[in-house]
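Okay, structure first, notes after.
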Amino acid sequence: MSIGYQSDQGVATLTIDRPAKKNAITGEMYEAFVAHLKQAAADKSVRAVLITGAGNAFTAGNDLKDFGDPRFIQPDSPVLGFMQGLAAFEKPVVAAVNGIAVGIGVTMLLHCDLVYVADNASFSMPFTSLGLVPEFASTLLLPLIAGRVRAAEKLLLGRPFLAPEAVVMGLANAVLPAAEVLPHAQKVAQSFNALPPGAVRDTKRLLRQAQGPAIQEAILREASHFGPRLAGGEAREAIAAILEKRPPDFSKFQ
C-alpha cells in the first residue's frame, strides 16, 4: 500500500494505490502524501499536481482500523498534516476521480483547483453514521459552494450522490467516460506548462486568500470535535458494527 509518485511532463501524479482495500488511506499513506506534496512543491519542473486512485476506486476514505491508532486524534497526526498541507499547497491541484469517493475522498476535492469525475463515480460523506463529525473544513466550504440545504443533506444525513450532482453542486468541473477521465485530467494538468508559473500561483493565492485563514481554523475546529467523538461510544458502536457486519444500535445514546 502506498501513495505513488511520478513526475512527467511538468505534472506530479500522486496515486492512491491500495486497490485491494478500495484505496482506503492509512496513517502511513497520509505521511507519504505530505512528503510527496513537499517534493512536488520543491521541484521547479513540476507545474501542477494530479491526484487519482488506482484500479476502480478513488478512495474509500480513512481505513477504519486506523481510527484505533492514538496518533489519529493528536495535533501532529498524519491526517491533520495532510489536510493542512493540501489546503495550503501553492501549485495547481487537479483531481481525476474514478469509482467511489468516501469521506476524506470527497472532502479533499474541496481543496483541489480542478476536479474531473468519471461517469461511474459515486460520492458519500457518512460522518454522522460513524458517530463522527465532518472534517477538512467541509462544514465551511461545502455550504459555500453547494448551498446550505444541499450541504446539510450531504453532511447531516450522509446522503450519497453521483457524478452529475457533483458538477451541479460545484464540487467538480465535468463528468467524463471512465476511460477518459484520467487522460483528460492529465491533459488539463499539462496545460499549466504553457502558462507563467508565478502568475498561476498568485492567481490561486488570490482565489483562496479570503478563505485561507478560515479554512485552517475550520480544519482545527472540526478536529477538536472529531477527536473526542472518535473516542466516544457512538463511534465505537458504529465502527464495531461495520467490522462485525451487523446493524449499529444507537438506541442507548441521547
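Assorted remarks:
- Potential lengthening of the chain between Asp76 and Thr128 amounts to 16.3 nm, from the contour at 0.36 nm per residue minus the alpha-carbon distance.
- In the chain, helices alone account for a calculated mean residue ellipticity at 222 nm of -13500 deg cm²/dmol, with every DSSP H run of four or more residues adding -39,500 (n - 2.57).
- Per-residue Cβ neighbour rank within 10 angstrom, fewest leading, Thr13, Thr128, Thr203: Thr203, Thr128, Thr13
- If the convex hull is drawn through the Cα atoms of segment 81-151, its volume per residue in Å³: 102
- Sequence-ordered 3J(HN,Hα) estimates for segment 210-218 from the Karplus curve with 6.51, -1.76 and 1.60 and θ = phi - 60° stand at 5, 9, x, x, 5, 5, 4, 5, 5 Hz, glycine and proline given as x.
- Alpha-carbon spread of the chain, three principal axes, descending order, Å: 60, 37, 36
- Cα radius of gyration and Dmax for segment 130-254 (Å): 19.1, 60
- Shape call, segment 1-104: gyration tensor on alpha carbons, a/c limit 1.5: oblate
- Each principal axis of the Cα atoms in segment 75-122 has its own extent, and those three values, largest first, are 36, 22, 11 angstrom.
- Sorting 176-182, 25-31, 210-216 by average packing, meaning the other beta carbons within 10 Å per residue, from highest down gives 25-31, 176-182, 210-216.
- Inter-part distance where segment 61-139 and segment 194-254 are each reduced to a Cα centre, Å: 7
- Cα→Cβ-extended label distance, 7 Å offset, between Asp119 and Glu244, nm: 4.3
- Three-way shape label, segment 167-231, alpha-carbon gyration tensor, a/c 1.5: oblate
- The aspartates and glutamates whose alpha-carbon is closer than 17 Å to the alpha-carbon of Lys65, local same-chain residues fewer than 8 away aside, are Glu28, Glu31, Glu234, Glu237, Glu244.
All of the numbers you see were taken from the coordinates with simple rules; none came from a lab. Bear in mind that the values here come from a model prediction, so they are computed numbers and not experimental data. For neighbour counting, all protein chains shown are included, and Cβ atoms are generated from backbone atoms with ideal geometry for every residue, glycine included.
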